[in-house]
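As structure tokens, the structure follows; a few thoughts come after it.
Here, each number is a calculation from the coordinates, and none is a lab measurement. These figures come from a predicted structure and were not determined experimentally. Don't worry about glycine lacking a Cβ; one is built from the backbone with ideal geometry, like all the others, and counts go over all protein chains shown.
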Ligand SMILES: CC(C)(COP(=O)(O)OP(=O)(O)OC[C@H]1O[C@@H](n2cnc3c(N)ncnc32)[C@H](O)[C@@H]1OP(=O)(O)O)[C@@H](O)C(=O)NCCC(=O)NCCS
């Protein structure tokens, strides 16, 4: 599925990534985040969870991505018990394209993919100091579950955030 979002500064297309997108996605990752991964890790997540590996494209240029892993295990919110979960592994938008709703659109599309894969929950880790990312997730109704001390290589703690994807009763 392909979504075209009319945004300030041009039309941004938000769509599932393809193998041809991976090298440009890696460039965005290198330019925006201190957490980097091997090329094979990107390819593996795309192969295993294509519905939740989403790219944002503007004028033929890759400007953002979100990649996730579908997992099975205990919920980060205990009352959900065991189940299928969508783990947001990495999200980034180029600095020049931020604050136009692209990050939000990427996560919303990944959440749709998780629902299609039967996930009952989405979760992620984010640096405690990453205010804009925490805000973005809170606007999408993610809740803070706990803090993970020393989670990142440089010693910064992470916040674990989670969102129920179960249909609301009533
Ligand atoms: C976190 C990140 C992905 C957000 O991307 P983004 O495209 O700027 O996200 P959005 O535009 O959807 O939302 C960001 C802000 O812009 C605002 N915004 C959205 N559309 C807007 C518009 N049309 N006009 C003005 N502001 C707008 C949102 O309200 C939001 O404000 P908030 O921070 O007060 O909540 C981006 O900052 C980034 O790549 N950071 C570095 C990597 C990173 O930290 N990744 C997350 C790791 S978990």
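Let me check I have the definition right: for the chain, take the eigenvalues of the Cα gyration tensor, multiply each by 5, take square roots. What are those semi-axes in whole Å, largest first?
Details: eigenvalues 115, 69, 53 Å².
Working from the Cα gyration tensor, I get semi-axes of 24, 19, 16 Å.
Taking a label point 7 Å from the Cα of residue 30 along the Cα→Cβ vector, which residues of the range 54-94 have an amide N closer than 17 Å to it?
Only 62-65, 92-94 fall inside the zone, counting backbone N under 17 Å.
Between 0 and 90 degrees, rounded to the nearest ten: what's the tilt of helix 22-32 against the longest Cα principal axis of the chain?
Tilt relative to the chain: about 80 degrees.
Can you sort 63, 25, 70 so the residue with the fewest Cβ neighbours within 10 Å comes first? Present the calculation step by step, with values, prior to reporting the outcome.
Numbers: 63 25, 25 21, 70 18.
Fewest-to-most Cβ neighbours within 10 Å comes out as 70, 25, 63.
Can you give me the relative contact order of the chain as a percent, contacts being Cα pairs under 8 Å and 6 or more apart?
Numbers: 323 pairs, mean separation 30.1, N = 170.
Taking the mean separation of contacting Cα pairs over the length of the chain, I get 18 percent.
By counting other Cβ atoms within 10 Å of each Cβ, how are 72, 37 ranked from fewest to most? Before the final figure, lay out the partial values.
Numbers: 72 9, 37 15.
Ascending Cβ contact count within 10 Å gives the list 72, 37.
Return, ordered by residue number, the residues of the range 20-57 whose backbone nitrogen is under 17 Å from a label point located 7 Å along Cα→Cβ of residue 69.
35-54
Fewest first, what order do 102, 95 take by the number of other Cβ atoms within 10 Å?
Details: 102 21, 95 10.
Exposure proxy ranking, most exposed first: 95, 102.
Mind giving me the nanometre distance, one decimal, between the label points for residue 151 and residue 99, set 7 Å out from Cα along Cα→Cβ?
Going from the residue 151 label point to the residue 99 one covers 2.6 nm.
Compute the angle between helix 39-48 and the longest alpha-carbon principal axis of the chain, please, reported from 0 to 90 degrees and rounded to the nearest 10.
Compared with the principal axis, the helix lies near 70 degrees.
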